[in-house]
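Every number in this text was worked out from the coordinates using simple rules, so none of it is lab data. Keep in mind it's a predicted model, so treat the numbers as computed, not measured. Heads up, the Cβs are rebuilt from the backbone with ideal geometry, glycines too, and the neighbour counts pull from every protein chain shown.
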Amino acid sequence: MAQDLLTKTKILIITNHSYMLYQFRKELIQALMKEHEVVLSMPFVGHEEDFKAMGIKCIDTPIDRRGMNPKTDLKLLHTYKRLMKEELPDLVITYSIKPNIYAGLVCRSMGIPYCANVQGLGTAFQSKKIAMFVTMLYKMALKKARTVFFENDTNAQEFINRNILKRDHITVLHGAGINLDKFNYVPYPSNDTFHFLYLGRIMKEKGIDELFSSIRRLKEDNESFILDLVGFFEDEYKDQVEELEKLGIVKFHGFQSDPRPFYSSSDAIVLPSYHEGMSNVLLEGASTGRPLITSYIPGCQEAVDDKVTGYLTEVKNSDDLYEKMKDMLHLTSSQREEMGKQGRRNNRCIKALIRGKMNGTKKLLDVTYMVINCRTILKCSYT
């Protein structure tokens, strides 16, 4: 084993969330491990023991995911530089904004080949002042990247428009890919009470304000339903959730490591996000055979054929969301079941995944092998 590791190239994967990495990139990592040594750097927030059980070296690397404290971010930059010197990777793959920028800057300065993944734009470009600063950082960090992966064309075009990247440095994956065997079709449930499912982080940017406003109005209309909330709090919604639970229209399940039972028992999935890279929740829901209600934005709209597999709603518009949720409630069970079947059968993202044309794992592997194989002698400056 020791001799085998000496001959293997080393890939260092840096991200901001161990749980998300395991949920959405495990298959990629397993594929990389067949020919390469893989090391993970990330905050330990779940599944790190599962990674270790796979035989992977895991390094706990705390990150202030949402803050913009220069002192904290400078410390992270130095942490990544020390990490590179200790691990001496042949290739670095980064996920999310801070690893993309700060690990990218270190890789550029040290001459280490790297690929970055932009999984969504988040709030980075919503404020003009912040957008200018983030654009400058991205330009510096991604200048020498072998490729930058995006999950939808709109986000990729944003980077082109801001002169951060040129087209030939971009690879669009159209999502991380989902395991269609794991998220297989499940027959539509026969619930006595209609169950909407929201699965994800409970935060403003996911459209929680609009969602809660809509269900309050549905309650006033004497509609019969339950909203199952599955996820963890990133913003202060705990008091609202407790109040809605007392009203009998919300059931809070907290974080769940396996979401499949919740997809299976739901009548419809609702995700009124402000922005997404490519929503795995929607793809998993469609794969399970459930109708969807989601925002008409890049990263969500691709998963829905409006009025055929679900409903698209105007982003940040609680009135429109309320109407679409009401429409879903008033369909017959057989109509909703057929919507879900159409979503599994005809959803262009799901079909493309089946054909292998949108499989993020395969595309990333292809580029990874291209980067490694073109280097007949692996040399990095590590200075």
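With charges only on Cβ, +1 for K and R and -1 for D and E, what is the dipole size of the range 194-355 about its Cα centre, in debye, rounded to 20? Please list the in-between numbers first.
Working: 22 positive and 28 negative charges, 153 e Å.
Dipole about the Cα centre, nearest 20: 740 debye.
Which links in LYS75/LYS238; LYS182/LYS307; LYS166/LYS307; LYS238/LYS307; LYS251/LYS316; LYS129/LYS219 stretch past 29 Å when you go from one Cα to the other? Could the numbers behind the result be given before it?
Numbers: LYS75/LYS238 32 Å; LYS182/LYS307 27 Å; LYS166/LYS307 37 Å; LYS238/LYS307 33 Å; LYS251/LYS316 23 Å; LYS129/LYS219 41 Å.
The answer is LYS75/LYS238; LYS166/LYS307; LYS238/LYS307; LYS129/LYS219.
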Practice problem: Could you state the orientation-averaged shadow area of the convex hull built on the Cα atoms of the range 39-91, in nm² to one decimal? | Solution: 4.3 nm²
Self-check item: Convex hull volume per residue for the range 194-355, taking Cα atoms only, in Å³
Solution: 97 Å³
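If a helix is a whole DSSP H run, which ones in the chain reach 20 Å or further along their own axis (Cα) and hold a mean Kyte-Doolittle hydropathy of at least 0.0? List each step's numbers first, then the result.
Details: long enough: 70-87 (25 Å, -1.17); 128-142 (21 Å, 0.98).
Those that pass (Cα extent of 20 Å or more, hydropathy at least 0.0) are 128-142.
Taking the Cα centre of the chain as the origin, how large is its charge dipole in debye, to the nearest 20, when only Lys and Arg (+1) and Asp and Glu (-1) carry charge on their Cβ atoms? Please report the intermediate quantities before stating the final value.
Details: 53 positive and 48 negative charges, 407 e Å.
With Lys and Arg at +1 and Asp and Glu at -1, about 1960 debye.
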Quiz item: Summing +1 for each Lys or Arg and -1 for each Asp or Glu, what net charge is found among the other residues whose Cβ lies under 15 Å from the Cβ of ASN191?
Solution: -2
Quiz item: Label points 7 Å out from Cα along the Cβ direction at ARG201 and HIS253: separation in nm?
Solution: 2.1 nm
Quiz item: In nm², what is the average projected area of the convex hull enclosing the Cα atoms of the chain?
Solution: 19.1 nm²
Exercise. Give me D for the range 225-293 in µm² s⁻¹, whole number, from Stokes-Einstein with Rh from the Kirkwood sum over alpha-carbon pairs, 25 °C and 0.890 mPa s.
Key: 187 µm²/s
